[in-house]
1. Check cross-link reach from residue 32 to the lysines: straight Cα distance under 25 Å, and skip same-chain residues fewer than eight apart.
2. Mind ranking 80-87, 1-8, 50-57, 118-125 by how tightly packed they are, going by the mean number of other C-beta atoms within 10 angstrom, highest first?
3. Starting from the Cα-Cα distance between residue 6 and residue 128, subtract it from 0.36 nm times their residue separation and give me the gain in nm to one decimal.
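Derivation of every value follows stated rules applied to the coordinates shown; laboratory data play no part. The structure displayed is predicted, hence computed values, not measured ones. Here the Cβ positions follow ideal geometry from the backbone for every residue, glycine too, while neighbour counts run over all protein chains shown.
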Amino acid sequence: MTAQDEAKQLDSVTDRVTEEESTMDASAAKSKVLSLSSDVHTGKFMDSAAEEKSKSAKKALAAIEVSKEDIDVLVEELEISEDVADKALREVLFEGGGIVTVTDGGEGAGASPSPSPLGEALRRLIRS
């Protein structure tokens, strides 16, 4: 068998992809990837139960009143936007049921002091 025959046989056995088959519409691929990533960030993949729970949580957060002074402290200390500070405080108050108790912290009190909403929001924002 000659080298030409071997080359023909090898070509017939192997899969060769022609350039037409391998070309992909780059703009279509890019738009699909962007669509998927935006869906993930917007929560578009949530099922209806999770979506309903999310809506009710947002309503509950919106109903909580936060102190403008606390927001200002977070904005000044952490150099964050008012929206981020507001959301952090609302989440802390929501999780604590809006009731915050602080012990006097005296020696022998036996109980550790509960964090204030501002202190807890500061801790969370610093950790994130």
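1. Excluding near neighbours in sequence, the set is 44.
2. Values: 80-87: 15.9, 1-8: 8.8, 50-57: 11.4, 118-125: 18.2.
By packing density, highest mean first, the sequence is 118-125, 80-87, 50-57, 1-8.
3. Details: separation 122, 0.36 × 122 = 43.92 nm, distance 6.34 nm.
So the extension gain works out to 37.6 nm.
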